[in-house]
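The values are calculated or read from the model by the stated rules, or taken from the named source; none is laboratory data. Keep in mind that what you see is a predicted model, and the values were worked out from it rather than measured. Using ideal geometry, Cβ is built from the backbone for each residue, glycine included, and neighbour counts are taken over all protein chains shown.
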Ligand code: NI
């Protein structure tokens with residue numbers, strides 16, 4: 001029987017959205033306030049959905065304590081209270097939009113979770129703005 005579990009986590013991080021070859025004014029036109037030169041913070045809310053077969057012996061799809069530990073080690077330890085542009089290698093060459101952050105988070109978690117399990121990321125940048133990756137035409 002297939003089922004899913006979801007683990008929620010939060011991290012606070014600073015970022016600035018800008019294209020290196022563009023002027024501050026051009027970046028402001030593209031990215032709005034997120035292009036302000038001196039960075040700003042968001043309270044990111046992360047939902048990690050993990051899907052697979054319910055194990056007939058344990059009744060678990062996956063040990064949620066293990067999922068929590070992976071999220072803590074891979075995501076929270078690296079991003080919480082950091083400047084994503086300056087303090088992490090992950091966004092040296094990737095613009096830290098909420099879309100891109102979700103892809104990077106997915107790739108980090110994918111390496112730690114066996115391929116028999118599907119994972120999907122929902123990442124809120126604000127309570128009203130979020131992204132889903134990978135997009136499987138599901139609306140969470
Ligand atoms: Ni922003």
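Worth pointing out:
- Each residue in the range 86-99 was checked for being assigned to a helix (DSSP H, G or I) and surrounded by fewer than 19 Cβ atoms within 10 Å (Cβ to Cβ), and 3 of them qualify.
- Checking every residue in the range 15-27 against the condition of being under 26 Å from residue 116 (Cβ atoms), outside any strand (DSSP E or B) and touching a helix residue (DSSP H, G or I) at 6+ places or on another chain (Cβ under 7 Å) gives zero matches.
- Residue in the range 42-52 that is assigned to a helix (DSSP H, G or I), at pLDDT 95 or above, within 23 Å of the chain's Cα centre (by Cα) and within 27 Å of residue 122 (Cβ to Cβ) present: no
- Exactly one residue among 83, 100 is within 16 Å of the ligand (Cβ to nearest atom) and over 25 Å from residue 135 (Cα atoms), and that residue is 83.
- When residues of the range 12-33 are limited to those that are within 13 Å of the ligand (Cβ to nearest atom) and in contact (Cβ under 8 Å) with a residue 40 or more places away in the chain, the one farthest from residue 71 (Cα to Cα): 18
- Subset of the range 110-125 [in contact (Cβ under 8 Å) with a residue 24 or more places away in the chain and in contact with a strand residue (DSSP E or B) (Cβ under 7 Å, 6 or more places away or on another chain)]: 113, 116, 117, 118, 119, 120, 121, 122, 123, 124, 125
- Test: residue 71 is modelled with pLDDT of 95 or more and under 16 Å from residue 106 (Cβ atoms): yes
- Only a single item in (1) assigned to a helix (DSSP H, G or I); (2) modelled with pLDDT under 95 is not met by residue 137, and it is number (1).
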